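What follows is one structure encoded as structure tokens, with my remarks underneath.
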Amino acid sequence: MALRIGIAGAGVLGRLLAFTLSRAGHDVHVFDPASGPGPRAESGSQAAGWTAAGMLSPVAELERAGAEVFALGVRSCQLWPQIVQALSEPVALHMQGSLLLAHRSDAGAAQRVVGLLQAKADAPYQPQSLTMDALRALEPSIQGPAMAWLLTNEGQIHPIQALQALAAQGTLQGVQWHWGSTVTAVDAGAIHASEAQHHFDHVFDVRGVGAKPALPVRGVRGEVFWLHAPGVPLHRPVRLLHPRHSIYMVPRPGDVIVVGASEIESEDRSHVSLRSTLELLSAAHSVIPALAEARVVHTETNLRPALPDNLPAVLHSAGKTEINGLFRHGWLIAPALVEQALQELKL
Ligand SMILES: Cc1cc2nc3c(=O)[nH]c(=O)nc-3n(C[C@H](O)[C@H](O)[C@H](O)COP(=O)(O)OP(=O)(O)OC[C@H]3O[C@@H](n4cnc5c(N)ncnc54)[C@H](O)[C@@H]3O)c2cc1C
């Protein structure tokens, strides 16, 4: 039976829900304060998903996450290709593995992390140690590190393309997007928006950090840099294992490399700091010295939505479902979380 569904929030969760539910024949309405389906041109608050690097790293995330995030990540890596194939607009999705790298001076810290991943990951997901020759064959630009491991089942999605394509497909499937609409409360079967109250058979609250104070969600600041680096090839996401900084680089079309990300317990959305600039870009340069002449073409700051235990939550009550706390793994786990929530609701 076709239901009337309301969704508060048009981030990666809101758009995946709208895409999936409209595809199943439901009458779907989505509410979001954004002025439209694209990213904001000016700085300011917008979905965390726009800023994300889009790494799909179930194994590498095991350094900080547990079995639940790993299982959701593995499942999502199976679901993303099916989702992307069902979209009418192209979305870059690559599953050619990712690399863990370490400098010789950080061998101890790196071995600790790799040991942790080996203990936590199932057999097909074990990190594979690479010789430097093997590393150069995969990524000739990488010159600094002395140790490398390949995580074969990892990859990346282009978050900006994916958010736009999900919205476009939703429109084709009949989704009603209520842009410029701030939701003040979500109750059983009701969305209270700035302009009016709307009634539904079921509602989803997926407002990320905007779900405060209904949920004890907090924002965790992250800063990223876009480098334009023509002639510096990079084919897959790389992470530098470092005792102080957690730094990664992700290639995007157009000779762009996204360098990220700081992780700061602050809800400050202002511009990137000098400290983050020095630390992240120095680390990037230490991995790929040829980045010295890259141009910093864009910087961005955003807030990852995190619950007190830093774990995702799917909370059902009569007429309402809340999904939140995707923290630093939203692209990695959203498809599996949406699948799980809709199976539990039998939708
Ligand atoms: C710097 C950075 C790098 C990241 N890198 C990765 C990565 O490589 N891989 C990965 O898996 N994840 C990554 N993430 C995490 C990922 O982006 C988030 O986990 C994910 O975006 C959360 O999705 P969401 O839909 O819950 O929230 P959001 O994407 O934040 O979307 C929430 C939506 O709700 C809307 N909203 C807010 N308030 C209201 C309101 N009152 N009424 C209506 N709508 C409202 C917002 O406008 C927004 O559209 C990164 C995040 C950051 C910040």
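For the reader, a short list of remarks on this structure follows.
- Solvent-accessible area of the chain (1.4 angstrom probe, protein heavy atoms only): carbon and sulfur portion equals 54 percent.
- For the stretch 194-273 and the stretch 145-172, distance of Cα centres in Å: 13 Å
- Distribution of pairwise C-alpha distances over the stretch 1-155, 10 Å bins, in %: 9, 29, 29, 21, 10, 2, 0
- Approximate shape of the stretch 210-262 as ellipsoid semi-axes (Cα gyration tensor, √5λ), whole Å, largest first: 29, 15, 8
- Quotient of Cα Rg and 2.2 N^0.38 Å for the stretch 146-244, N being how many residues it contains: 1.60
- Difference of contour (0.36 nm per residue) and Cα-Cα distance, ASP268 to ASP133: 44.3 nm
- Heavy atoms of the protein chains alone define the surface here; on that basis the chain has 41 Å² accessible area per residue at 1.4 Å probe size.
- Computed from label points 7 Å out along Cα-Cβ, the spacing between ASP255 and ALA119 is 4.5 nm.
- Across all directions, the average projected area of the convex hull around the alpha carbons of the stretch 249-347 is 8.9 nm².
- For the stretch 140-197, alpha-carbon Rg over 2.2 N^0.38 Å: 2.06
- Positive-pole candidate from GLN156, ALA196, GLN176, dipole of the stretch 114-205, charges at beta carbon: GLN156
- Net charge of Cβ neighbours under 14 Å - reference TRP179; Lys, Arg +1; Asp, Glu -1: 0
- C-alpha long axis of helix 159-172 to longest principal axis of the chain, angle in °: 30 degrees
- Here the chain is treated as an ellipsoid with the same Cα gyration tensor; its semi-axes, largest first and in whole Å, are 35, 21, 18.
- Of the peptides 9-20, 78-89, the ranking by mean beta-carbon count within 10 Å, highest at the top, reads 9-20, 78-89.
The values are calculated or read from the model by the stated rules, or taken from the named source; none is laboratory data. As the structure is a computational prediction, the values presented were derived from the model and not from experiment. Glycine also receives a Cβ, built like all others from the backbone with ideal geometry; neighbour counts cover every protein chain displayed. What goes into the accessible areas is simple: the full protein's heavy atoms, side chains included, and nothing from ligands, DNA or RNA. Shrake-Rupley method; radii C 1.70, N 1.55, O 1.52, S 1.80 Å.
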